[in-house]
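Participant: Below you will find the structure I want to go over with you.
The values are calculated or read from the model by the stated rules, or taken from the named source; none is laboratory data. From a predicted model like this one, the values you see are computed outputs, not experimental measurements. Cβ placement follows ideal geometry from the backbone for every residue including glycine, while neighbour counts extend to all protein chains displayed.
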Amino acid sequence: MLLLLLTLLTCTVSFSQITGKIVDETEAPLEYATVALYNQNNQELITGVITDLNGVFKIENIKKGSYYLEASFIGYQVKTIEISNAIKNLGTIKLSLGNNLNEVVVEAERAVVVNKIDRQVFDAQKFKNAQGGSGIDIIKNLPSVSIDGQGDISVRGSSGFVVLLNGKPVQGNASSLIAQLPANAIERVEVITAPSAKYDPEGKAGILNIITKKGATNGAYGQINLKGGFPSIETYDNDKYHQRYGLDATYNIQNEKWNISLGASYQRNDLGGRREGDVFTIIDNIKTQFPSTGERSFDEENYSGRFTVDFTPDSTNVFSLGFFAGKRNKARLADIVYFDNHAIDLDDETNRLYTFQYFNHNLRERNSDFALGSFDYTHKFKNSAQLSTSFLYEYTLLGGPTVNQNLGFPDNSILYQDEYNTNDNPLNGIRFQLDYSFKPFKLGILETGYQYRNLDHTGDFVYERRTDFNDDFALVPEFSSEVNLQRSIHSVYSQFTGQQNKWSYSAGARVEVMDRTLELKDKAGTIDETYNYDFTKLYPSASLQYEINDKTNIKAAYSKRVERTTTFKMNPFPEREHSETLEQGDPELKPEFIDLVELGITKKIIGGHSIFATGYYRSVKNLVNRVNTVYNDTILNRIYSNVGNAKAVGLEIGTELKPTKNFNAFIGANVYNYNIDGEFDAMPVDSDATMYSVNLNTTYKFWENASLQFTFNYLSERITAQGEDSRYYSPNLTFQKSFLNDRLTATLQWQNIDMGLLDTNEQRITTYRTGEFYTTTNYIYEVDMVLLNLSYTFKNGKNKSKFIDSEFGKREF
């Protein structure tokens, strides 16, 4: 009887618990969101909790009374909910980007960046200079990211990073992959610099997760985007008129059970330019120097089509089937005049041994035809556990010839040497993944999984030469080869994630078993070699975050990573890049192993925006660099080689400012010290320098449907294993206006602003080795490019399109 009375008394003074789930505008769970419970009478804070991996929170042992709850996350609007005695489950609480003030309705600006425990999330719609372009035009604005004059992408100064598409791993050359995605289809980009064990460990700089646009309601959605470029202002006396235009379209229809997405894209992105170079080699005390100048331009075409079907028969099962096919062609034309090729004896520098001039026509094409399909299945159990499976198959045909002709100058009818090398290298890739997550006890969620990846990449490389236009091409056996790579990877992981009071934590480990076999044969039948490389490796990870108060968080993280080598970098047979350069790989190239450590702080500032700063340390073993050796007196040989170890210590900062109602600015910067310590070809490699990059984005709104945006991307001088790259920068101006109730949006872009006053879109690359060679080349690419993009939405529904992308082939493109 006494026990019954105590039970009844307890029930009259307290709730058992209050539960709910917090999601963002796309219905994605918000992990580590803050939930605070206040006394409604005196606004006193009673208690607070943090959401788990699935966005779920639970508040227990609440006494009877009047309360209200505040759900918040940095960069999102705070949501206030009154609590009555009868309420126990608040259901799903949706937070929106931006901020409001109490109950006053205001029009809020979406934050450019939202900081989470393991990533920074950037709103792609804020970068208007990317409209009508590709994903590259978006990511170049991020503080972690920099793009140099050759189009190479770096994250915190490293070109080794992995791309995810809607959270799914894709394998490929980053520039090629991101360039294939229309900017208009991207919702946001997540930068994960110290990934946890649940992610594949590949990528020494971390992960870029690209999220395509999605909606939250049923209905149909359709959008078409047209891009056209105005005639080039500066032609650089290039051989062809460069063209820039494109079309991409998306259609999506969704109901309670079906989500069907179709997409197609065509892009023509030519780029004019020229190069100015000077090279000398020293062999047996003879110095040969060959300065040059001429065209270096690009013609690029991309076609692609996508189709995805999601089927949700009930609340516990989701099936997804996707196909993606496309074609890409990128041609680089280098028509160069070597106007003063000469040699001297260093013991008598006053007399030239000879003087010679010639014209080099070099056309290098890269083609990629691909088709891939995927099938995914997810099942949610009643106890909140979840099982996910994913299977992907890809077939890609890579190839493309290179034409290299050394001709007379000014009489181009004279032939000194005509070379033609081509390759056909089909690629087959398979990925299978199985993941399971559950909550074994109150402290957090346990995730486990298995992944299998298999790559079969075969290549047939043919190199031919002639010295008379009337002759047939003859095979050059030492440059012709068959290269076959097979690589299989089995990996398992386990990770625990949770939170306790103001602490959030995650720890896990991944074990990977890799088998790699590289078979090499030459066309002469004299070489038949097999190189095997196998290893078993443990990749631990951990992260910790502490909430000092509702405006300030500090965090720390550690992640061990790997950078695997591509087939191209392991092919030891030379490829003729152009007149003065051969390029080859190393069949015994080892993967890079990386340790990442970072410590950061995030703080809310006035207006609901945030400022963040992250210090980081990255250590790389078996560093892979492209280094030069002397092949003969007028040709350098570029080789990919393990040159030693490298360390980077840096600071990344970013802030969003809004000094007036109509003006806002986002500024991000990355500064780091980079050191290389090792050797190549029995010569020491010892480089040390401090480098930085700055990305600025400012927007002024004239009125509700018109804005002007200025962006500026700057990359400082950088060191390499054998030299340095000069600074590189690009200013851009964008005017955007919408019409017809925001159905039609016009975006006018002025890219690479120069006006003949600056050195925009220009970069000098220098390498040297004392007593052997020196090379410096200034690459000058097109400036003052004007483009117009028109985007029309012809259906009023929300876009929930989601597509798959390449897993293997684009890495080799």
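Participant: State which residue pairs qualify: first residue in a strand (DSSP E or B) and inside the range 340-353, second residue among the small types (G, A, S) in any location, beta carbons under 8 Å apart, and separation of 6 or more residues or different chains.
Facilitator: Pairs found: R352/A343; L353/A343.
Participant: Additional query: Which one is modelled with the highest pLDDT, of the residues in the range 385-402 that are of a type in the set (A, V, I, L, M), in a strand (DSSP E or B) and surrounded by fewer than 19 Cβ atoms within 10 Å (Cβ to Cβ)? Outline the logic, then answer.
Facilitator: Taking the range 385-402 as the starting set, the residues that turn out to be of a type in the set (A, V, I, L, M) are 385, 387, 392, 397-398.
Narrowing further to those that are in a strand (DSSP E or B): 387, 392, 397-398.
Retained after the next criterion (residues that are surrounded by fewer than 19 Cβ atoms within 10 Å (Cβ to Cβ)): 387, 397.
Details: L387: 94, L397: 84.
Within the range 385-402, the match that is modelled with the highest pLDDT is L387.
Participant: If you don't mind, there's one more thing I want to ask. Find the strands (runs of 3 or more DSSP E) located wholly in the range 719-783 whose residues include 2 or more that are in contact with a helix residue (DSSP H, G or I) (Cβ under 7 Å, 6 or more places away or on another chain), under 26 Å from S232 (Cα atoms) and assigned by TED's automatic domain parsing to the domain that holds N695, and list them.
Facilitator: Values: elements: 723-725, 728-739, 744-751, 762-769, 773-781.
Correct list: 728-739, 744-751.
Participant: Give just the number: which of (1) more than 26 Å from the chain's Cα centre (by Cα); (2) among the small types (G, A, S); (3) surrounded by fewer than 16 Cβ atoms within 10 Å (Cβ to Cβ) does A689 not satisfy?
Facilitator: (1)
Participant: Sort through D278, D248, D284 and tell me the only one that's acidic (D, E), surrounded by fewer than 18 Cβ atoms within 10 Å (Cβ to Cβ) and touching a Pro at 6+ places or on another chain (Cβ under 6 Å).
Facilitator: Values: D248 fails: surrounded by fewer than 18 Cβ atoms within 10 Å (Cβ to Cβ); D284 fails: touching a Pro at 6+ places or on another chain (Cβ under 6 Å).
From the options D278, D248, D284, the qualifying one is D278.
Participant: Scan F702, F712, F666 and give me the residue that is among the aromatic types (F, W, Y), under 30 Å from T745 (Cβ atoms) and modelled with pLDDT of 90 or more.
Facilitator: Numbers: F702 fails: modelled with pLDDT of 90 or more; F666 fails: modelled with pLDDT of 90 or more.
Criteria check complete, one pass: F712.
Participant: On to the next question. Filter the range 189-210 down to residues that are at negative phi and of a type in the set (G, A, S) and give me whichever is farthest from the chain's Cα centre (by Cα).
Facilitator: A197
Participant: Now for a separate question. For the range 512-534, give me the residue count where each residue is within 32 Å of the chain's Cα centre (by Cα) and among the acidic types (D, E).
Facilitator: 4
Participant: Quick one: would you say F808 is modelled with pLDDT under 95, crowded, with 20+ Cβ neighbours inside 10 Å and in contact with an Asp or Glu (Cβ under 6 Å, 6 or more places away or on another chain)?
Facilitator: On the way: modelled with pLDDT under 95: yes; crowded, with 20+ Cβ neighbours inside 10 Å: yes; in contact with an Asp or Glu (Cβ under 6 Å, 6 or more places away or on another chain): yes.
Against the criterion (modelled with pLDDT under 95, crowded, with 20+ Cβ neighbours inside 10 Å and in contact with an Asp or Glu (Cβ under 6 Å, 6 or more places away or on another chain)), F808 qualifies.
Participant: Is it the case that some residue within the range 371-384 is touching a Phe, Trp or Tyr at 6+ places or on another chain (Cβ under 6 Å) and either outside any strand (DSSP E or B) or farther than 30 Å from F319 by Cβ (or both)?
Facilitator: At the first step, the residues of the range 371-384 found to be touching a Phe, Trp or Tyr at 6+ places or on another chain (Cβ under 6 Å) are 371-373, 375, 377.
Filter again for either outside any strand (DSSP E or B) or farther than 30 Å from F319 by Cβ (or both), leaving none.
Checked against the condition, which is being touching a Phe, Trp or Tyr at 6+ places or on another chain (Cβ under 6 Å) and either outside any strand (DSSP E or B) or farther than 30 Å from F319 by Cβ (or both), the range 371-384 yields no hits at all.
Participant: Look through K537, K502 and report the one residue that is over 32 Å from the mean Cα position of the chain (by Cα), of a type in the set (K, R) and not assigned by TED's automatic domain parsing to the domain that holds T34. Quick ask: steps written out before the conclusion?
Facilitator: Details: K537 fails: over 32 Å from the mean Cα position of the chain (by Cα).
So the residue among K537, K502 that is over 32 Å from the mean Cα position of the chain (by Cα), of a type in the set (K, R) and not assigned by TED's automatic domain parsing to the domain that holds T34 is K502.
Participant: Any idea how many residues of the range 408-438 are surrounded by fewer than 18 Cβ atoms within 10 Å (Cβ to Cβ) and in a strand (DSSP E or B)? Spell out the reasoning first.
Facilitator: We begin by selecting, within the range 408-438, every residue surrounded by fewer than 18 Cβ atoms within 10 Å (Cβ to Cβ); these are 408-417, 420, 422, 424, 426, 428, 430, 432, 434-436, 438.
Then drop every residue that is not in a strand (DSSP E or B), which leaves 415-417, 420, 422, 424, 426, 428, 430, 432, 434-436, 438.
Matching residues across the range 408-438 total 14.
Participant: Just the residues that are crowded, with 16+ Cβ neighbours inside 10 Å and charged (D, E, K, R), please, taken from the range 439-453.
Facilitator: Hits for the range 439-453 are K439, E447, R453.
Participant: Of the residues in the range 473-487, how many are buried (at least 17 other Cβ atoms within 10 Å of the Cβ), assigned to a strand (DSSP E or B) and of a type in the set (A, V, I, L, M, F, W, C)? I'd like the intermediate steps shown before the answer.
Facilitator: Within the range 473-487, the subset buried (at least 17 other Cβ atoms within 10 Å of the Cβ) is 476, 479-485, 487.
This time we only want the ones that are assigned to a strand (DSSP E or B), so: 481-485, 487.
Still in the list and also of a type in the set (A, V, I, L, M, F, W, C): 483, 485.
Number of matching residues: 2.
Participant: Tell me whether the range 454-465 contains one or more residues that are surrounded by fewer than 16 Cβ atoms within 10 Å (Cβ to Cβ) and either of a type in the set (K, R) or more than 17 Å from N428 (Cα to Cα) (or both).
Facilitator: Taking the range 454-465 as the starting set, the residues that turn out to be surrounded by fewer than 16 Cβ atoms within 10 Å (Cβ to Cβ) are 456.
Subsequent filtering for residues that are either of a type in the set (K, R) or more than 17 Å from N428 (Cα to Cα) (or both) retains none.
Within the range 454-465, none of the residues are surrounded by fewer than 16 Cβ atoms within 10 Å (Cβ to Cβ) and either of a type in the set (K, R) or more than 17 Å from N428 (Cα to Cα) (or both).
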